[in-house]
1. For a Förster distance of 25 Å, can you work out the FRET efficiency between the beta-carbons of Ala25 and Ser48, rounded to the nearest 0.05?
2. By how many nm would the segment from Thr87 to His65 grow when fully extended, if each residue of separation counts as 0.36 nm and the alpha-carbon distance is taken off?
3. Based on Cβ point charges of +1 for Lys and Arg and -1 for Asp and Glu, what charge dipole magnitude is obtained for segment 18-95 about its Cα centre, in debye rounded to the nearest 20?
4. How much net charge surrounds Gly33 when only other residues with a Cβ under 12 Å from its Cβ are counted (Lys, Arg +1; Asp, Glu -1)?
5. Order the peptides 72-79, 55-62, 39-46 from the highest to the lowest mean number of other Cβ atoms within 10 Å of their residues.
6. Evaluate the charge dipole of segment 52-95 about its Cα centre and quote only its size in Debye, nearest 20, assuming +1 on the Cβ of each Lys and Arg and -1 on the Cβ of each Asp and Glu.
Amino acid sequence: MLKATTQTAFLIAAFVCLGSPAAQAADRAFCAGYTDAALNQVHIALSSPNCAAGARGARWAPERHVHFDWCLTQPPAAAEAERHARTEFLRGCRG
């Protein structure tokens, strides 16, 4: 079963993604910072034995373009929800 905070992060991300169709996608500068943070989180997860097994899927992709390209299609709130979901996962598996 997922922790409540992880479930909340997923719900927030889903709500943001399904929210207003007029929501503006994040700009390139924002996405560059988001991508740097995402790759740092990916590196931490993949280098930790307790986290590596659960770090699967696009959220944990080690390729820069995966995170950057996705970010460009999302409003900043969705990217922040993704970052938060990774943070919560790392808190849970690192103790």
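1. 0.20
2. This chain segment gains 5.9 nm when fully extended.
3. Its charge dipole is roughly 240 debye.
4. Every neighbour counted, the sum reads -1.
5. The peptides rank, most packed first, as 72-79, 39-46, 55-62.
6. The dipole magnitude comes to about 220 debye.
Laboratory data are not the source of any read-out in this text; all were calculated from the coordinates shown. Here the structure is a predicted model, which means the values were calculated and not measured. Neighbour counts are summed over all protein chains in view; Cβ atoms, including those assigned to glycine, are modelled from backbone coordinates with ideal geometry.
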